1. Of everything in segment 280-331, what is touching a residue at least 60 places away in the same chain (Cβ under 8 Å), β-branched (Val, Ile, Thr) and not in a strand (DSSP E or B)? Give them in sequence order.
2. Report yes if some residue within segment 143-162 is within 12 Å of the chain's Cα centre (by Cα), polar (S, T, N, Q) and in a loop (DSSP other than H, G, I, E, B); otherwise report no.
3. Quick one: which residue in Ala266, Ala237, Ala233 is in contact (Cβ under 8 Å) with a residue 12 or more places away in the chain and surrounded by 22 or more Cβ atoms within 10 Å (Cβ to Cβ)?
4. Answer yes or no as to whether Val298 is within 22 Å of the chain's Cα centre (by Cα), among the aliphatic types (A, V, I, L, M), surrounded by fewer than 23 Cβ atoms within 10 Å (Cβ to Cβ) and at pLDDT 95 or above.
5. Test Ile244 against the criterion of being within 16 Å of the ligand (Cβ to nearest atom) and of a type in the set (A, V, I, L, M, F, W, C), and give yes or no.
6. Applying the selection to segment 104-148, what residues are away from the ligand (no atom under 13 Å from the Cβ) and touching a His at 6+ places or on another chain (Cβ under 9 Å)?
7. Restricting the search to segment 123-149, which residues are surrounded by fewer than 18 Cβ atoms within 10 Å (Cβ to Cβ) and among the aliphatic types (A, V, I, L, M)?
8. May I ask you to say which residue of Thr181, Thr245 is at negative phi and at pLDDT below 95?
Amino acid sequence: MKVVLIGVGQAGGKITQALAEHDYEMGFDAVQGALAVNTAEADLQALDIDTQLIGRDRVKGHGVGGDNELGAEIMREGSTEVIDELDGRITSRAEGVVIVAGLGGGTGSGGAPMLARELKRIYDIPIYVLGVLPGRDEGAIYQANAGRSLKTVAREANATILIDNDAWHDNEESIQAGFETINQNIAQRVGLLFASGEVVDGVGESVVDSSEVINTLRPGGIASIGYASAAAAEDSADNVNNIITATRNALLAGTSLPDAVEADTALLVVAGDPDRISRKGVERARNWVEEETGSLEVRGGDFPLDSERLAALVLLGGVERSDRIDEFLQRAREAHERASEPTPDPDDAFENEQLDDLF
Ligand SMILES: Nc1nc2c(ncn2[C@@H]2O[C@H](COP(=O)(O)OP(=O)(O)OP(=O)(O)O)[C@@H](O)[C@H]2O)c(=O)[nH]1
């Protein structure tokens, strides 16, 4: 799937760079262009990809300091510049635009939903957001910001792939080292998802196509991504259980939103040496995903990779009703409440007026 990436804010820029580098190193050629947009000049200077500073007249290149309303406003004012910068990159080959942002800060949190809205007015291809939720231990402002941003982004983007910062890091690591690990994990998983449909060698009927990714994300709302690998035997007949094990681990232990299993749609991509992929294993793993997610729309396909291991990548669409999202929204509402806003009603998730939209 050919994509153009736009990182907004510090986390957005770093993750976009990690995705672009991974795509290049793996030779996938799915990333058609990568741009980092920020209100903070120093964050942009730390990156190797193309960059664009916005809001210089408002914040003098110093960032918005966690004010996501200001982040949204600056993006609205600067969206023409960003769109001009993107024009040469979003060619007829691009199948989607992916806006990448940490939802807990200011620039990415406010800027990502606003940019999604502006881009959707102009382009016919889907505009996705890859959003990062703050970990449990991050401060109240991050939680409150992310709650409002998530609510808005879920409305504005064609779909939002959500990564929980608590999902993939080792508790022993410092926060900074933890970010590196998470960013690498995102690059590997989301990179493989984008690469679906890009591989031409060894193409067979079972190879996954980018339309499967687009169709899995089509219902909109919130999506998550899971991944796990397993050792593989040379003979495909011996890999039935290995494929099922990798799929189970991808969904139950390896997802970007832990414990969010119930879904509207799902895509199972089995990656590995085509000679090692067991059709029976793939079919059984797909049936298992159907049962586990309760989804009647489970797609599947292979991804040929030169590897002695087999991996399962699971994309879930429509996970917004999960306990994990409820738990996060509860945290965000409490943080918002502590900031002396009106008392929230915890029962109705995205319909809740107390966690007001950003714009
Ligand atoms: N996964 C990941 N999360 C990050 C990274 N850097 C920051 N974050 C998270 O992103 C949120 C903060 O967003 P930032 O991107 O730093 O903020 P910003 O959008 O630049 O906004 P301002 O600094 O307020 O202008 C927090 O929840 C952090 O946990 C990173 O490299 N990786």
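The values are calculated or read from the model by the stated rules, or taken from the named source; none is laboratory data. Computed from a predicted model, the values in this text were never measured in an experiment. Reconstructed Cβ throughout: ideal geometry from the backbone, glycine too, with neighbour counts over all protein chains shown.
1. Hits for segment 280-331 are Val282, Val319, Ile325.
2. no
3. On the way: Ala237 fails: surrounded by 22 or more Cβ atoms within 10 Å (Cβ to Cβ); Ala233 fails: surrounded by 22 or more Cβ atoms within 10 Å (Cβ to Cβ).
When all the criteria are applied, what remains is Ala266.
4. Details: within 22 Å of the chain's Cα centre (by Cα): yes; among the aliphatic types (A, V, I, L, M): yes; surrounded by fewer than 23 Cβ atoms within 10 Å (Cβ to Cβ): yes; at pLDDT 95 or above: yes.
Criteria met by Val298.
5. Working: within 16 Å of the ligand (Cβ to nearest atom): no; of a type in the set (A, V, I, L, M, F, W, C): yes.
No.
6. Of everything in segment 104-148, just one residue is away from the ligand (no atom under 13 Å from the Cβ) and touching a His at 6+ places or on another chain (Cβ under 9 Å), namely Arg148.
7. Ala140
8. Details: Thr245 fails: at pLDDT below 95.
Step by step, each of Thr181, Thr245 is checked, and only Thr181 is at negative phi and at pLDDT below 95.
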